[in-house]
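Colleague: Here's a structure for you.
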Amino acid sequence: MAERRRRRRLGRADYVDGVLGRDRAILGRAITLVESNLPAHQDLAQEVLQDLLPHTGGAHRVGITGVPGVGKSTFIEGLGMRLVDAGHRLAVLAIDPTSGRTGGSILGDKTRMARLSVDPRCFIRPSPTEGSLGGVHRKTRETLLLCEAAGHDVVFVETVGVGQSEFAVAAMVDSFLVLMLAGAGDGLQGIKRGILELAEILVVHKADGDNAEPARRAAREYAGALHFLQPTSPGWTTPVLTASSLTGAGVDEVWDAVTSHRAQLRATGTLDARRQDQRRRWMWDMVDSELGRRLRADPRVQARAPVLEQDVVAGSRTAVAAAQELLALVLDAGPLARD
Ligand code: GDP
């Protein structure tokens, strides 16, 4: 412990060289830097990322979502072991939108992926447990870039399919994989249509034992439902597969579908276009969220907001007029305080 506490402060070049040199300890510290909310750390993190940018983009970025209990960790462990055995360098990043609220991360548990988490060919990082959802997503995106710079050629971004996080994850990956269960929520009624629209590969999981036949039936139903949706990219028909992480049946086929999807994106030029679009959107997302955060934190806004809020709540002033007054208070008067 004493050794840890006395560890050397790293500078920009130390981080960059360490990450490019695939030093796991430094990669971990670079991620901690990216996750820090201290302005000085954030500035250094941006410098490091800027230097590493030319070395990013090399991974196949795969989003994986599904409700708690669908078997995401078991699936990632099984598929992940196959990938590292086949020579891939895997990184698994997890976004858990519930962790902030429950005070403990259900995804952070090392025992969830017992073999992968101790395998040197794999790097697992749970999501930061504090901060706004927007902040968590930023940190995950930047962590993904760091992992690519450190030579990981497959990155899984896992999220619990219960909130808005799956949309954010879909906006940072190349292929979006959705795990489903047969019979969950009585057929298609209980399935969020939004998730189906995002799915690029749909897997009915736990297709084993007595559940094998219902899983196949559910797969046919999903395939029918997907038929009516817009393709996620030109020419791509979302395959609906069945798999079992218990028996291993169908797991290779899922990976084949993921690689076919990527090949198709590449062949049509969609991969580059999609990533460019993701980066453009990300920039504006950051502008929106930073602007909102700084506005709310500005002392002038904080002084005036309670009165305006009261008026709006009481119905004596319109929400739009109050919003305009708050914006003018700051934007017409000078720069926003950073923190
Ligand atoms: P997560 O919450 O989505 O990460 O789900 P877990 O991976 O923790 O799995 C939830 C439960 O389902 C555990 O008890 C697993 O053993 C079980 N499970 C996972 N995959 C399968 C599978 O393919 N078949 C069966 N029958 N059970 C599975």
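The values are calculated or read from the model by the stated rules, or taken from the named source; none is laboratory data. Just so we're clear, the structure is a prediction, and the values are computed from it rather than from any experiment. FYI the Cβ positions are ideal-geometry reconstructions off the backbone, even for glycines, and counts take in every protein chain you see. Accessible surface is based on the protein model in full, side chains and every heavy atom, while ligands, DNA and RNA are left aside. Shrake-Rupley method; radii C 1.70, N 1.55, O 1.52, S 1.80 Å.
Colleague: Quantify, in whole percent, the carbon and sulfur part of the accessible surface of the chain (1.4 Å probe; protein heavy atoms only). Spell out each step's value before the answer.
Modeller: Details: 9440 of 17300 Å².
Carbon with sulfur: 55 percent of the solvent-accessible area.
Colleague: Still on this structure, I have one more. Relative contact order of the chain, please, whole-number percent, based on alpha carbon pairs below 8 angstrom and at least 6 residues apart. Could you put the intermediate results ahead of the total?
Modeller: Working: 474 pairs, mean separation 52.9, N = 339.
The normalised contact order for the chain reaches 16 percent.
Colleague: By how many degrees, 0 to 90 and rounded to 10, does the Cα axis of helix 212-226 deviate from the longest principal axis of the chain?
Modeller: It is inclined by approximately 50 degrees.
Colleague: With viscosity set to 0.692 mPa s and temperature to 37 °C, compute the Stokes-Einstein D of the chain, Rh being the Kirkwood radius across alpha carbon pairs; µm²/s, no decimals.
Modeller: Answer from the Stokes-Einstein relation: 150 µm²/s.
Colleague: Return the calculated 222 nm mean residue ellipticity for the chain, to the nearest 500 deg cm²/dmol, obtained by summing -39500 (n - 2.57) across DSSP H runs with n ≥ 4 and dividing by the residue count. Before the final figure, lay out each step's value.
Modeller: On the way: 14 runs with 175 residues, N = 339.
Roughly -16000 deg cm²/dmol at 222 nm, from the helical runs in the chain.
Colleague: For Phe167, what accessible area in Å² do you get when you roll a 1.4 Å probe over the heavy atoms of the protein chains, rounding to the nearest 10?
Modeller: The accessible area of Phe167 comes to roughly 90 Å².
Colleague: Peptides 82-90, 301-309: what's the order by average Cβ count within 10 Å, highest mean first? If you can, show how the numbers build up before the last one.
Modeller: On the way: 82-90: 15.7, 301-309: 14.1.
Output ranking for 82-90, 301-309: 82-90, 301-309.
Colleague: Once the Cα atoms of helix 133-149 and of the chain are each reduced to a long axis, what angle between those two axes, in degrees from 0 to 90 to the nearest 10, is obtained?
Modeller: Its long axis makes an angle of about 60 degrees.
Colleague: Also: Could you give each residue of region 60-76 its phi-based ³J(HN,Hα) in whole Hz, using Karplus coefficients 6.51, -1.76, 1.60 with θ = phi - 60°, and x for Gly or Pro?
Modeller: Karplus values, whole Hz, x for Gly and Pro: 7, 9, 10, x, 10, 9, x, 5, x, x, 6, x, 4, 5, 5, 5, 5.
Colleague: Based on the alpha carbons, how large is the Rg to Rh ratio for region 232-332 when Rh follows Kirkwood? Don't skip to the answer; put the middle values down first.
Modeller: Values: Rg = 24.4 Å, Rh = 18.4 Å.
That ratio equals 1.33.
Colleague: Can you pull the accessible area of Val204 for me, 1.4 Å probe, Å² to the nearest 10?
Modeller: 0 Å²
Colleague: Select from Ala150, Ala171, Val92 the residue farthest towards the positive end of the dipole of the chain; place +1 on Cβ of Lys and Arg, -1 on Cβ of Asp and Glu, and compute about the Cα centre.
Modeller: The residue sitting farthest along the positive end of the dipole is Ala150.
Colleague: Name the long-range amide H neighbours of Ile64: under 5 Å, sequence gap of 5 or more, or other chain; modelled H, no Pro or chain starts.
Modeller: For Ile64, the qualifying residues are Val157, Glu158, Thr159, Leu177.
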